[in-house]
Amino acid sequence: MENIIEAYTGLTTEGKKSRTPARYDKLLTATGVILALFMMGHMLFVSTILLGKDVMYKVTKLFELDFLFEGGLPVVVSVIVAIISFIFIIHALLGLRKFPTSYKTYIKVREHSKIMKHPDTSMWMFQWISGLIMVFAASIHLYIMFTQPQNIGPYASADRVVGQHMWLLYAILLICVEIHGSVGLYRAAMKWGWFDGDNPKETRKKLFNVKKALSAFFLALGVITLLAYIKIGIDHSSMAGTKYSPKDNLTIEISKN
Ligand code: HEM
């Protein structure tokens, strides 16, 4: 009971202010920053397909530590997925605390945000909704990556995107994650005053522009990457299930000459 009172009011039974909500907020920010940085790296890794199938294949094998173990060990990817999933669950649970607990509360917040005409408050509402969508959509993606790490590669990934209709899930995830991530980083920087400097108002404007640029860049990269996987998946549909081998490119080169 004491814990419940503390969680809702921030007051202990002795009437002292509890530090727990502030600690949870810090953990929410820390896990969010780790996930946002991971997602930037993830997008760059996935988009190596734009540099060619060979490049994406080599990066995939690098994650499987093929320089240490002959042919690579896909289970290494499962371990990375497990770590990211753990951070994702902690972040989601801490974020859920901020959800309106009833329809009445939701209406109050919405009215409040309309009256204030405050873009940062509207962003907060977007964070809730996109966060909730991601809890479902990212769980599906993470489960597949955890259980089938051997099926990552130029053809295996493209076959999944087209043959298993993952393109739809990825399109939804892409919009949510890129906006949620950049809004999250911006709001965290504002909340904790990381770059306040001498003129916090000016900083807010600058950070808002950085946020917009980050969202636009990663969204555009994501869309182009997704289209590339869709094209490879369609071209490869008659051979779906067969994996890419660097020899495939060699065969094409030899037959060209
Ligand atoms: C360690 C964890 C993760 C791994 C190993 C991973 C791996 C991959 C791989 C290999 C692809 C290419 C398509 C495929 O093979 O199906 C992909 C695409 C994608 N992933 Fe992840 N992923 C991880 C976590 C996440 C998370 C947490 C999110 C979002 C919350 C996410 C969002 C996406 C999106 C949106 C795409 C499509 C990108 C595009 O083509 O535009 N991934 N991921």
> In region 67-84, what count of residues is obtained for those that are modelled with pLDDT of 95 or more, surrounded by 12 or more Cβ atoms within 10 Å (Cβ to Cβ) and in a loop (DSSP other than H, G, I, E, B)?
Replying inline: 2
> (1) away from the ligand (no atom under 16 Å from the Cβ); (2) in contact with a Lys or Arg (Cβ under 9 Å, 6 or more places away or on another chain): which one isn't true of LYS104, the others all being true?
Replying inline: (2)
>> I'd like to know if region 155-174 contains one or more residues that are in contact (Cβ under 8 Å) with a residue 40 or more places away in the chain, farther than 21 Å from LEU227 by Cα and crowded, with 16+ Cβ neighbours inside 10 Å.
In response: no
> Within the bounds of region 102-112, is there any residue that is outside any helix (DSSP H, G or I) and exposed (fewer than 13 other Cβ atoms within 10 Å of the Cβ)?
Replying inline: yes
>> Can you tell me how many residues within region 226-250 are surrounded by 14 or more Cβ atoms within 10 Å (Cβ to Cβ), modelled with pLDDT under 95 and part of a helix (DSSP H, G or I)?
In response: 2
>> Testing VAL183 on (1) β-branched (Val, Ile, Thr); (2) touching a Lys or Arg at 6+ places or on another chain (Cβ under 8 Å); (3) farther than 30 Å from LYS247 by Cα; (4) modelled with pLDDT of 95 or more, one condition comes back false. Which one is that?
In response: (4)
>> Can you say whether TYR143 is under 15 Å from the mean Cα position of the chain (by Cα), within 15 Å of the ligand (Cβ to nearest atom) and hydroxyl-bearing (Ser, Thr, Tyr), as far as the supplied structure shows?
In response: yes
> Does LYS206 fit the bill of being closer than 29 Å to LYS98 by Cβ, over 18 Å from the mean Cα position of the chain (by Cα) and away from the ligand (no atom under 12 Å from the Cβ)?
Replying inline: yes
> Mind checking which residues of region 196-225 are in contact with a helix residue (DSSP H, G or I) (Cβ under 6 Å, 6 or more places away or on another chain) and either crowded, with 17+ Cβ neighbours inside 10 Å or part of a helix (DSSP H, G or I) (or both)?
Replying inline: LEU207, LYS211, LEU214, SER215, PHE218, LEU219, LEU221, GLY222, THR225
> Which of the residues that make up region 220-250 are aromatic (Phe, Trp, Tyr) and closer than 20 Å to HIS165 by Cβ?
Replying inline: TYR229
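The values are calculated or read from the model by the stated rules, or taken from the named source; none is laboratory data. Just so we're clear, the structure is a prediction, and the values are computed from it rather than from any experiment. Don't worry about glycine lacking a Cβ; one is built from the backbone with ideal geometry, like all the others, and counts go over all protein chains shown.
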